[in-house]
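Asks: Below is the structure I would like to discuss, written out as structure tokens.
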Amino acid sequence: LASNAVAVSFGGRLLGSMSWIMPLFVACSTFGAVNGGIFASSRLFFVGARNGHMPKLMAFLNITQLTPVPCLIILGLITLSMLTTSNVFVLINYASFVESTFITLSVGALLYLRYKEPERNRPIKVNLVLPILFFLLCSILVCVPIFTQPWDVGFGLVIVASGIPVYFLFCRFKKPAWLQNIFWSLECTVQKLCIALEEETGEEEEATVGQSKNATDEKGDAPELERLHQD
């Protein structure tokens, strides 16, 4: 247990010459977890941008694969920026504290809505003991680092707070005409590079379906009209 890499030390003692399998499997597991996290997080960013909580350029979907390519690229850049630190444990402290904080806030909001609006339609319901216990555990993960690692916690909060001016600049404030033109040019460039468009709303989708149906009906009627004309 004193080893910095318990799995590698265990594999070296147990597997002998095949000990290289252990770090390989650990790397594959890490890659799979990070890959899944990036794809899930990109969808979260996409939904936030679609609802107006993030810049509009993050609400674009690739027209062939229907994936939020701009969000994936932004997440990739953020991930690369995290590699600039030489102390991985500090990075883990930043990420774990921020993630635990937002999970705690989300679960607390759900418990509040369960109490405040008990008649709201909920497709999935569980016993209240489970979310309460989960909320308490997350609260411990949030509170303990505040006393044991205050500097890491403070820096993590600064990173989170740095998103506030970005939100007000891109989403909240009414931008002047020259700034709107810059953002519009940036959005057009992102659309061209990523081959992406903004997702259609329900009304736009219905209108598109109606136009397609009318075009199909016209094509179907064309041979009949031509035959009548010949007769």
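Asks: Pairs only if they're at least six apart or on different chains, beta carbon under 8 angstrom, first in region 91-115 and more than 17 Å from Leu136 (Cα to Cα), second among the hydrophobic types (A, V, I, L, M, F, W, C) and open to solvent by 50 Å² or more (accessible area, probe 1.4 Å); list them, first residue then second.
Replies: Once the first residue is more than 17 Å from Leu136 (Cα to Cα) and sits in region 91-115, its partners that are among the hydrophobic types (A, V, I, L, M, F, W, C) and open to solvent by 50 Å² or more (accessible area, probe 1.4 Å) give Leu91/Met82; Tyr94/Phe155; Tyr94/Ile159.
Asks: Sort out which residues of region 96-118 are open to solvent by less than 70 Å² (accessible area, probe 1.4 Å) and touching a helix residue (DSSP H, G or I) at 6+ places or on another chain (Cβ under 8 Å), and write them in order of number.
Replies: Ser96, Phe97, Val98, Ser100, Thr101, Ile103, Thr104, Val107, Gly108, Leu111, listed by residue number.
Asks: Would you check if Phe46 is touching a residue at least 12 places away in the same chain (Cβ under 8 Å) and surrounded by fewer than 15 Cβ atoms within 10 Å (Cβ to Cβ)?
Replies: no
Asks: Quick check, is Met82 modelled with pLDDT under 85, under 22 Å from Val160 (Cβ atoms) and among the aliphatic types (A, V, I, L, M)?
Replies: yes
Asks: For region 49-67, give me the residue count where each residue is part of a loop (DSSP other than H, G, I, E, B) and either open to solvent by 60 Å² or more (accessible area, probe 1.4 Å) or touching a residue at least 40 places away in the same chain (Cβ under 8 Å) (or both).
Replies: Total satisfying the criteria: 9.
Asks: Considering each residue of region 71-93, count those that are over 18 Å from the mean Cα position of the chain (by Cα) and open to solvent by 50 Å² or more (accessible area, probe 1.4 Å), and give that number.
Replies: Here the count works out to 8.
For every residue, the table says whether it meets (1) of a type in the set (A, V, I, L, M, F, W, C); (2) surrounded by 12 or more Cβ atoms within 10 Å (Cβ to Cβ).
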site	(1), (2)
Arg120	no, no
Leu133	yes, no
Ser139	no, yes
Phe155	yes, yes
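Asks: In region 95-146, what residues are among the aliphatic types (A, V, I, L, M) and not in a helix (DSSP H, G or I)?
Replies: Ile124, Val126, Leu128
The values are calculated or read from the model by the stated rules, or taken from the named source; none is laboratory data. Note that the structure is a prediction, hence the values are computed from the model and not measured. With ideal geometry, Cβ positions are generated from the backbone for all residues, glycine too; neighbour counts draw on all protein chains shown. In case anyone asks, the SASA skips ligands and DNA or RNA and just uses the protein heavy atoms, side chains included. Shrake-Rupley method; radii C 1.70, N 1.55, O 1.52, S 1.80 Å.
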